[in-house]
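Student: Below you'll find the structure I mean.
The values are calculated or read from the model by the stated rules, or taken from the named source; none is laboratory data. Treat the numbers as computed from the prediction; the structure is a model and nothing was measured. As a convention, Cβ positions derive from the backbone with ideal geometry for all residues, glycine included, and neighbour counts pool all protein chains shown. Calculation scope for accessible area: heavy atoms of the full protein, side chains included, ligands and nucleic acids excluded. Shrake-Rupley method; radii C 1.70, N 1.55, O 1.52, S 1.80 Å.
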Amino acid sequence: MTGEIKRYLKNCFERIETATLIGSKEVLTVEEAAVFTGYTTKGIYTMTSEKRIPHYKKNGKLYFRKQELVEWMTQRKVLTDDEINAKAATYVATH
């Protein structure tokens, strides 16, 4: 195996290990929260300092509840055309 293939496989195994670890945890570190949300670590730090993302601080470290991150990421749902039409029909029928 060439060095390039070894590095590629090592990177793949590290990503699988990280995903497995994140999947089994309820509370995440900054680095794990970044992977979970798709933001950079710097972006996570920025959002915590601006109080835009739910987080906890203990002994100088930041922590995130995975379920709260899911709720935060899915706060502003964009309605489908069918949902909008159903709401409009309901409104017309009741007013």
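Student: Has segment 79-95 got at least one residue that is within 17 Å of the chain's Cα centre (by Cα) and either over 16 Å from Thr37 (Cβ atoms) or basic (Lys, Arg) (or both)?
Tutor: no
Student: Please name all residue pairs, on different chains or six or more residues apart, with Cβ atoms under 6 Å, provided the first residue is in segment 64-81 and is over 20 Å from Ser49 (Cα atoms) and exposed (fewer than 15 other Cβ atoms within 10 Å of the Cβ) and the second residue is of a type in the set (Gly, Ala, Ser) and modelled with pLDDT under 95.
Tutor: Hits for this filter: zero, empty list.
Student: Next question, about the same structure. Just need a number here: residues in segment 8-26 that are free of Cβ contacts under 8 Å to residues at least 40 places away in the same chain, loosely packed, with under 14 Cβ neighbours inside 10 Å and either closer than 20 Å to Leu62 by Cβ or of a type in the set (Gly, Ala, Ser) (or both).
Tutor: So the answer is 4.
Student: A follow-up question, please. Of all the residues that make up segment 45-67, how many are part of a helix (DSSP H, G or I) and in contact with an Asp or Glu (Cβ under 8 Å, 6 or more places away or on another chain)?
Tutor: So the answer is 2.
Student: Something else now. Restricting to segment 54-63, name every residue that is surrounded by 14 or more Cβ atoms within 10 Å (Cβ to Cβ) and more than 19 Å from Ser24 (Cα to Cα).
Tutor: Residue satisfying the conditions is Pro54 alone.
Student: I'm trying to understand the selection: among the residues of segment 82-95, which are surrounded by 10 or more Cβ atoms within 10 Å (Cβ to Cβ) and hydroxyl-bearing (Ser, Thr, Tyr)?
Tutor: Thr90 - this is the single residue of segment 82-95 that is surrounded by 10 or more Cβ atoms within 10 Å (Cβ to Cβ) and hydroxyl-bearing (Ser, Thr, Tyr).
Student: Sticking with this structure for a sec: Tell me yes or no: at least one residue of segment 30-39 is among the acidic types (Asp, Glu), open to solvent by 100 Å² or more (accessible area, probe 1.4 Å) and under 12 Å from the mean Cα position of the chain (by Cα).
Tutor: Yes, that holds for at least one residue.
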